[in-house]
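S.K.: Got a structure here, written out as structure tokens. Questions coming.
Bear in mind that the values in this text are calculations on the coordinates, not laboratory data. What you are looking at is a predicted structure, and each value in this text was computed from that prediction instead of being measured. Positions of Cβ are generated from backbone atoms using ideal geometry, with glycine treated the same way; all protein chains shown enter the neighbour counts.
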Amino acid sequence: MSSSTKNVLLRTAGLLAALTFASAAPAEQAATAGQRVIHKDVVILGGGASGAHAAVRLREDFGKSIVLVEKQGRLGGHVSTYIDPESGRPIDFGVQSFIDIGGAKDFFARMNVSIGTPGRIVNKARYVDFKTGEELDYVPPAAADRTAGLTKFAAAASKYESMLLPGYWNFPAGKDIPEELLMPFGDFARKYGFEAAMPTIFSVTGLGVGDITKELTMYVLQAFGAPMARAMLGQVPTFVPASHRNQDLYDNIAALLGSDVLYSTTATRVERKPGCGVEVTVRDRAGRETLIKAKRILVSIEPVGNNMAPFDLDRQERAVFAKMDYSRIYAGIVTNAALPGATSFTNFPTDAAPSNYMAFPELPFTARFDNLGGDLFRVMILGDRDTMACAAKRNAQASLDRMLQAGTVAFPEGFAGRRKLTFKAFADHGPMHVRVTADQLRAGFVQEQYALQGHRDTWYTGGAWSVQFQTILWQYNDIVIPKLLQGM
Ligand SMILES: Cc1cc2nc3c(=O)[nH]c(=O)nc-3n(C[C@H](O)[C@H](O)[C@H](O)COP(=O)(O)OP(=O)(O)OC[C@H]3O[C@@H](n4cnc5c(N)ncnc54)[C@H](O)[C@@H]3O)c2cc1C
């Protein structure tokens, strides 16, 4: 454990939320005929960035028995590596790179993954209002202005780093919440004069919250914070596996964890029993059920929507989860003969031209089509909580259709092939960027949320409790795991 992690642990030790228990004890869940029963110290739900890392730490470093329940057939969550069948080239269209924070590089070395520098594709940039399909006469900020803006942003954002990163353990309550964190991010940008950095903040990782000028500053700082600005400014390195296949990290974790991972499996029933730990019934795609009896549960999935349906939620838990709003994010690899190679199409509203750096599309929207080499394009679609996968694909198609109607792109003369987008790959990244209103924050939402840590033997990690960056979530785990282990 690094000394900085130890310091954070010492600083936060006093903030451990009081354990409270449900008043009514459910009857003991008996294994049904044919049901496998396993006993573990910790059951972990979700094998993405935070869950897979936590599984390694709990089992390998703390000697606890674990079982990791993952709904997909692989670990890695938002990592999406597509292998181009023609060239064999791996293309990451989900997670792009890892910020060198805390023990991130050591973790890669430990998982036997050698690291390299992220690749860079240089495309011709074209700016289009995807609502009209019209190309914009948009002039992006000059590089020097953008750098100056990012520097101002990093300075302003770092004032709040200890309240937000790697989680909300030190987040103030009520009147003590700095007003700047609750102001619209557009006002924050004007106050500190970093308008020229706004298109970068938006298009790199901020776009998940939609129009960043209207979102609360604290949530934009979670989507693109000071660490990301430092990475963009070259002050902190980013890296990828030397193979340029991000999935390698999670495949090596999977090999290490072996049969302690249940793949293609989800929980159908989660019961917390006062003083007796948790019982989780899980079912795999073939319908086989397993009853997991564990001392603690670590939930690494976003605690929203259907994800919490199997849980025996009490009023305290329901009150927190019901307040959470969120986005839905989709990414894909598409081809279409009308999209010219070596080009990136970025969606800005018409009033962004020629140089309004505070104008952004509102959810739901298709953010961009970026050529990846050859005829492959990465497409990103951002939605609100109700935007389902088919609507996301329709949004991307409609964006292309409008570009065709406006004459921004065109099929080659005499083209007789497929006129619709062909999705070579598509990833539903599900709910992300959990957020609540300023009034709910002032009324103590964060404190209510964090009071759930340890409540009914249930602990939480992942984006909803921290930020949407892989390596910062690993730092978050370094705090939450020792708390989870207390009294075990
Ligand atoms: C397109 C995209 C690009 C990104 N790029 C970067 C980047 O370049 N660098 C970076 O640091 N971060 C990046 N991020 C953000 C980063 O990947 C996330 O912050 C991080 O993965 C969140 O970790 P998590 O553990 O909370 O969720 P996830 O990594 O999503 O893990 C959740 C896991 O739970 C599983 N699951 C979901 N529901 C259930 C269920 N009911 N039962 C069982 N399992 C379930 C999922 O399949 C998944 O494996 C990107 C995110 C997206 C969407």
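S.K.: Reported to two decimal places, what Rg/Rh ratio describes the stretch 329-488 when computed on Cα atoms with Rh from the Kirkwood expression?
M.R.: With Rg and the Kirkwood Rh in hand, the quotient comes to 1.11.
S.K.: Equivalent-ellipsoid semi-axes (√(5λ), Cα gyration tensor) for the stretch 334-383, whole Å, largest first?
M.R.: Semi-axes (√(5λ), whole Å): 23, 13, 7.
S.K.: In Å, what is the Rg of the alpha-carbon atoms in the stretch 212-294, and how long is Dmax?
M.R.: Considering the stretch 212-294 through its Cα atoms, Rg and Dmax are 20.3, 50 Å.
S.K.: Average projected area of the Cα convex hull of the stretch 229-385, in nm²?
M.R.: The orientation-averaged projected area of the Cα hull of the stretch 229-385 comes to 15.4 nm².
S.K.: Going by alpha carbons, how many degrees (0 to 90, nearest 10) lie between the helix axis of 3-12 and the longest principal axis of the chain?
M.R.: So the helix axis and the longest Cα principal axis differ by about 70 degrees.
S.K.: Provide F239, F411, F445 in ascending order of the number of other Cβ atoms located within 10 Å of each residue's Cβ, fewest first.
M.R.: With the fewest neighbours first, F239, F411, F445 line up as F411, F239, F445.
S.K.: Computed over the Cα atoms, what is the radius of gyration of the stretch 126-266 divided by 2.2 N^0.38 Å, N being its residue count?
M.R.: Output field value: 1.31.
S.K.: A further question follows. Please report, for the Cα atoms of the stretch 27-105, the Rg to one decimal and the Dmax as a whole number; what are they, in angstrom?
M.R.: Values for the stretch 27-105 (Cα only, Rg and Dmax): 17.3, 57 Å.
S.K.: Further question on the same structure: For a 18 Å ceiling on Cα separation, which of these pairs sit above it: K40/K295; K124/K214; K124/K393; K393/K424; K175/K483; K393/K420?
M.R.: K124/K214; K124/K393; K175/K483
S.K.: While we're looking at this one, here's another question. Counting pairwise Cα distances across the stretch 37-77, what percent come out greater than 14 angstrom?
M.R.: 41
S.K.: Which order results if E161, E279, E195 are arranged by neighbouring Cβ count within 10 Å, fewest first?
M.R.: With the sparsest Cβ surroundings first, the list reads E161, E195, E279.
S.K.: I'd like to know how the stretch 358-441 sits against the 2.2 N^0.38 Å rule of thumb: what's its Cα Rg over that expected value?
M.R.: Relative to the 2.2 N^0.38 Å estimate, the stretch 358-441 comes out at 1.34.
S.K.: Write down the radius of gyration of the stretch 260-328 and its Dmax, each obtained from C-alpha positions, in Å.
M.R.: 13.0, 37
S.K.: Determine the gain in length on full extension of the stretch A148-R120; use 0.36 nm per residue of separation and subtract their C-alpha separation, reporting nm with one decimal.
M.R.: Additional length available on full extension: 7.8 nm.
S.K.: Sort I472, I292, I115 so that the residue with the fewest other Cβ atoms within 10 Å of its own Cβ comes first and the one with the most comes last.
M.R.: Least to most surrounded, the residues fall as I115, I292, I472.
S.K.: By the scheme Lys and Arg +1, Asp and Glu -1, what is the net charge of all other residues having a beta-carbon under 10 Å from that of G454?
M.R.: My count for the surroundings of G454 gives +2.
S.K.: Using only Cα atoms and rounding to the nearest 10 degrees, what angle (0 to 90) does helix 143-158 make with the longest principal axis of the chain?
M.R.: Taking Cα atoms only, the helix is inclined about 20 degrees.
S.K.: For the chain, what log10 I(q)/I(0) values come out of the Debye formula at q = 0.09 1/Å, with one point per alpha carbon and no solvent?
M.R.: Treating every Cα as an identical point scatterer, log10 I(q)/I(0) equals -0.63.
S.K.: Give, as a single signed number, the net charge of other residues whose beta carbon lies under 12 Å from the beta carbon of Q440, with Lys and Arg counted +1 and Asp and Glu -1.
M.R.: 0
S.K.: If each residue of separation counts as 0.36 nm, what is the full-extension length gain between A109 and R385 once their alpha-carbon separation is subtracted?
M.R.: That works out to 95.6 nm of additional length.
S.K.: Taking the radius of gyration and the Kirkwood hydrodynamic radius from Cα positions alone, what is the Rg/Rh ratio for the stretch 75-151, to two decimal places?
M.R.: So for the stretch 75-151, dividing Rg by the Kirkwood Rh gives 1.08.
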